[in-house]
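The values are calculated or read from the model by the stated rules, or taken from the named source; none is laboratory data. Predicted model, so just to flag it, every value in this text is computed and none were measured. In this analysis, Cβ positions are derived from the backbone assuming ideal geometry, glycine residues included, and neighbour counts consider all displayed protein chains. Heavy atoms of the whole protein, side chains included, go into the accessibility calculation; ligands, DNA and RNA do not. Shrake-Rupley method; radii C 1.70, N 1.55, O 1.52, S 1.80 Å.
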Amino acid sequence: MPYPEELVDPMRRELSDNGVTELKSATEVDDFLSPDGGSAFVIINSVCGCAAGGARPGALLALKSEVTPDRIGTVFAGQDTEATERAREHCSQVPPSSPSMALFQGGEMVWFLPRHMIEGRDPQTIALDIVNAFEEHCAPADA
Amino acid sequence: MGTFHDDMGELHGITVVVSQHDGCTWIGRCHSEDDVEVILHDADQHDPAASDENAEQWLQRARRFGHWPRVSTIRIPRPQVSGLVRLAEISAG
């Protein structure tokens, strides 16, 4: 059962107010992860403060790095069910967890950060993992 | 935005590995643990008698990608537990 929207809204805005595109339907997710769309980073947001409290600031910190994906999006697990299910279909080779994060190149998942690698870690440490993934998968070929 | 349940113990909400004396292993999101039992949500079990891979291989796969949430809730009696660690603390193989 979804949480009350007024409770969730600040957690949505923590990302959307910082340039992260909210994806609320399966179509929006499919368009976002289009194979011809370059690199895309998807944050599977969640209410659970045990992990999500570090996930959001960690992701935002990583987005300040020199190398970032072409597109940054988010779905909200437990709230935007259709979009989350479709995002997970795009990550079908890994178990579902939330919060979690995935990086795509040409519509194919190339990196995944599961929930257990977010839990209990500070935002700076989480951001370092993300930045390393950005540099490995999103840096220009001649860099 | 921080946690809503700070009073549930340090492992509450954390993905843990529970080893049993009988050789079986569970991974799940810890709800609580005390002298009586360990309660996990969204858990998966490795049973060496029923799996083609050994526990180490299973743990390494889970460490890298996470675990499949096949069991909604499992209560493991404490006397059966031989080990309890965070999944994130499992060393890379």
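All other residues with a Cβ under 14 Å from the Cβ of A:Pro35 taken together, and with Lys, Arg as +1 and Asp, Glu as -1, what is their net charge?
For residues surrounding A:Pro35, the net value is -4.
Taking chain B as a Gaussian network of alpha-carbon nodes connected by springs under 10 Å, the highest mean-square fluctuation of the residues B:Gln20, B:Gln57, B:Gln45 belongs to B:Gln57.
In segment A:33-122, which GluC sites (Glu not before Pro) are in a loop and have at most 10 other Cβ atoms within 10 Å, using DSSP for the loop call? Don't skip to the answer; put the middle values down first.
Values: sites: A:Glu66, A:Glu82, A:Glu85, A:Glu89, A:Glu108, A:Glu119; in loops: A:Glu66, A:Glu119.
When the GluC sites (Glu not before Pro) of segment A:33-122 are filtered for loop state and at most 10 Cβ neighbours within 10 Å, A:Glu66 remain.
Here the contact order of segment A:5-137, divided by its residue count and restricted to Cα pairs under 8 Å and six or more residues apart, works out to 34 percent.
Ranked by accessible surface with a 1.4 Å probe, highest first, in what order do B:Ile90, A:Ile130 come?
I get B:Ile90, A:Ile130, largest accessible area first.
May I ask you to give the average projected area over all directions of the convex hull of the Cα atoms of the protein assembly as shown, in nm² rounded to one decimal?
13.6 nm²
The contact between chain A and chain B removes approximately 1600 Å² from the accessible area (both sides summed; 1.4 Å probe; ligands, DNA and RNA excluded). The residues of the protein assembly as shown expose, per residue, 49 Å² of accessible area to a 1.4 Å probe. The listed residues A:Leu7, B:Leu87, once ranked by accessible area (1.4 Å probe) with the largest placed first, stand as A:Leu7, B:Leu87.
Once neighbouring chains are kept in place and the probe is 1.4 Å, which whole percent of the accessible area of the protein assembly as shown is contributed by carbon and sulfur? The C+S portion of the solvent-accessible surface of the protein assembly as shown is 48 percent.
Here segment A:5-137 is treated as an ellipsoid with the same Cα gyration tensor; its semi-axes, largest first and in whole Å, are 19, 18, 14.
Under a model in which nothing but the beta-carbon of Lys, Arg (+1) and Asp, Glu (-1) is charged, the protein assembly as shown shows a dipole of about 200 debye around its Cα centre. In segment A:34-76, burial by the other protein chains removes 40 Å² or more of accessible area from A:Gly49, A:Cys50, compared with the chain on its own (1.4 Å probe, ligands and nucleic acids ignored). Helix B:55-65 and the longest principal axis of the Cα set of chain B meet at an angle near 50°. DSSP bridge analysis restricted to segment A:5-137 gives an antiparallel fraction near 60%, rounded to the nearest 5. Please identify every one of the trypsin sites (Lys or Arg not before Pro) in segment A:62-143 that sits in a loop by DSSP and has no more than 10 other beta carbons within 10 Å of its own beta carbon. Here the trypsin sites (Lys or Arg not before Pro) that fit, given the DSSP loop and packing criteria, are A:Lys64.
Computed with a 1.4 Å probe over protein heavy atoms only, the accessible area of B:Asp42 comes to about 60 Å². With Cα atoms as the point set, chain B shows a radius of gyration and Dmax of 13.0, 44 Å. Placing unit charges on the Cβ atoms of the charged side chains and taking the dipole of the protein assembly as shown about its Cα centre, the candidate lying farthest along the positive direction among A:Ala77, A:Ala62, B:Ile27 is B:Ile27.
A DSSP coil position with no more than 15 other Cβ atoms inside 10 Å describes the following trypsin sites (Lys or Arg not before Pro) in chain B: B:Arg70.
Under 8 Å for C-alpha pairs, at least 6 residues apart: give me the relative contact order for chain B, rounded to a whole percent.
33 percent
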